[in-house]
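Presented below is the structure to which this report refers.
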Amino acid sequence: MKKQSVAPSLKFDTKWSYAPAPESADHIQLKSQYELFINGKFVVPSSGKYFDTINPATEKKIALVADANAADVDKAVKAARSAYDKTWSKMPAAERGKYLFRIARILQEKAREIAIIESIDGGKPIRESRDMDIPLAAAHFFYYAGWADKMEYAFPGRTVKPLGVAGQIIPWNFPLLMAAWKIAPALAAGNTVVLKPAETTPLTALKLAEIFQEADLPPGVVNIITGAGATGAAIVNHPGIDKIAFTGSTDVGKIIQKALAGTDKKYTLELGGKAANIIFEDAAIDQAVEGIVNGIFFNQGHVCCAGSRLFVQENIADLVLRKLKDRIETLIVGDPLDKNTDIGAINSKEQLNKIKSLVKAGINEGGECWQSSCAVPSKGYWYRPTLFTKVAQSSSIVQKEIFGPVLAIQTFRTVEEVIEKANNTPFGLSGGIWTDKGSKIFKVSSKLRAGVIWANTYNKFDPTSPFGGYKESGMGREGGLHGLQPYIDFN
Ligand code: NAI
Ligand code: MG
């Protein structure tokens, strides 16, 4: 019998590619210059200064954005105070809820436009901004809208009053979603807001300001002011603020905590992470590999709860590593607007340099570094998915938050050993467990010092579920009923 030959084209080749499928940005209307949103209007900054927001995938400038100084912050806080005293805290709660429902619906109507702006300004793949960031942002407004007139059921037997003016400072990894996480519960509980988006991703928060105008939200209820760290510090230190909500780096979280010590301002901090994703020998390996990939490469690893440390049970380590490498070789790094893209642009040059220097330190300390061989565009900020093996518990690659697509892999033999290793970190935000045994999930999750633990899945979010960390990952919870508490005065 004639031996059949395998046609060359059928050979396993991980480099086969899809035809480009870019989302069209033709209908997107962006201004060349953005002002501050104070008391319901867009106003020029008293500083007279503006900064550029750029597209990290092209390094091209998108627009000029107002740089608010302390005088602008003062104006915003006064507008928020006046709106609190005269309008928002006096309004029946059911009416407040209606505004939140209206904002949620307009967000849904404009979802496509906002998703594209999010990807252009921040570099995240359109698949994520379209399927996750924007729908979840709307879901948070819907969820908290429902609580607005039901506070006495949320906290039975307690007198529930708002706090006053909330100052909210958010990062660049989930710009609109973080704004929704913070604004929706604050407004539902009857507070007014001064919010500052991150300096590299201000555009969707300003788009949200336009939505507030369209929804006829009373002037001053939410003020959006743009700027960098100095603007954030001016919010933190303003005496007219009753509560600070911050998401960002642990370093800035510590600065804020010091600044607030001795004041009567309340605060919640959602800071860094170094999550352990743990695969046991009895796990569904292919499913776990997919979850590991999602856990660390999702959103370029710009995720505080990213599964950046992988612990694999020793007898399956070789198999998992091989499958992981095969899968990573198929990931597409490139144009955030292309629907096929898995990994978009790194958010800024500073963040790219931080990732590069931490990887270099990891290599210098003796870690073995492997990177995907994928092509990356010549212009823009990119980083190939990266794995580290032969790392020690004390390696900087295992201890420090990298906030990029870099995974540190270690092995373990027993449940006790992996719990100890997973907890050996200054952080405690999240973790993942992959096993066929429910009992193991309960045993391990009850011993991990982390606020959010996923089992046989990763990076799943829902407005009803509280989110927050232990140790240097911060304090307080956002999301769910827990997320309302920091905006309520129970006295
Ligand atoms: P960052 O903490 O400096 O920035 C977050 C927000 O805080 C931005 O809006 C920024 O303008 C503001 N800010 C900066 N300095 C401030 C100050 N002194 N007072 C008040 N507000 C201030 O974070 P950065 O520098 O952009 O990123 C550095 C690292 O932080 C990342 O590599 C990552 O490890 C971590 N990070 C963690 C995030 C999280 O979700 N937990 C989000 C972003 C960054
Ligand atoms: Mg930008």
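The values are calculated or read from the model by the stated rules, or taken from the named source; none is laboratory data. Because the structure is a prediction, the values reported are computed rather than measured. Please note: Cβ atoms are built from the backbone with ideal geometry, for glycine as well, and neighbour counts cover all protein chains shown.
Taken together, the criteria place residue 337 among residues that are modelled with pLDDT of 95 or more, within 30 Å of residue 170 (Cβ to Cβ), out of contact with any Leu (no Cβ under 9 Å at 6 or more places or on another chain) and within 16 Å of ligand 2 (Cβ to nearest atom). List the number of the failed condition for residue 289; all other conditions in (1) in contact with a Phe, Trp or Tyr (Cβ under 7 Å, 6 or more places away or on another chain); (2) not assigned by TED's automatic domain parsing to the domain that holds residue 128 hold. Looking at each condition in turn, residue 289 falls short on (1). Tell me whether the range 250-262 contains one or more residues that are away from ligand 1 (no atom under 16 Å from the Cβ) and assigned by TED's automatic domain parsing to the domain that holds residue 49. Checked against the condition, which is being away from ligand 1 (no atom under 16 Å from the Cβ) and assigned by TED's automatic domain parsing to the domain that holds residue 49, the range 250-262 yields at least one hit.
Take the conditions within 13 Å of the chain's Cα centre (by Cα) and surrounded by fewer than 23 Cβ atoms within 10 Å (Cβ to Cβ) and apply them to residue 132. Does it pass? Spelling it out, residue 132 is indeed within 13 Å of the chain's Cα centre (by Cα) and surrounded by fewer than 23 Cβ atoms within 10 Å (Cβ to Cβ). Of all residues in the range 388-412, those satisfying the criterion of being buried (at least 22 other Cβ atoms within 10 Å of the Cβ) and either under 22 Å from residue 173 (Cβ atoms) or within 16 Å of ligand 1 (Cβ to nearest atom) (or both) are 388, 397, 398, 401, 402, 403, 404, 405, 406, 407, 408.
Of all residues in the range 333-361, those being within 17 Å of residue 297 (Cβ to Cβ) and touching a Ser or Thr at 6+ places or on another chain (Cβ under 8 Å) number 8.
Residue 87 meets all of the listed conditions (1) hydroxyl-bearing (Ser, Thr, Tyr); (2) at pLDDT 95 or above; (3) not in a helix (DSSP H, G or I) but one, namely (3). Without any contact (Cβ under 8 Å) to a residue 24 or more places away in the chain and more than 16 Å from ligand 1 (Cβ to nearest atom) - does that describe any residue in the range 157-172? Yes, the range 157-172 contains a residue that is without any contact (Cβ under 8 Å) to a residue 24 or more places away in the chain and more than 16 Å from ligand 1 (Cβ to nearest atom). Filtering the range 238-267 to residues that are among the polar types (S, T, N, Q) and surrounded by 22 or more Cβ atoms within 10 Å (Cβ to Cβ) leaves only 247.
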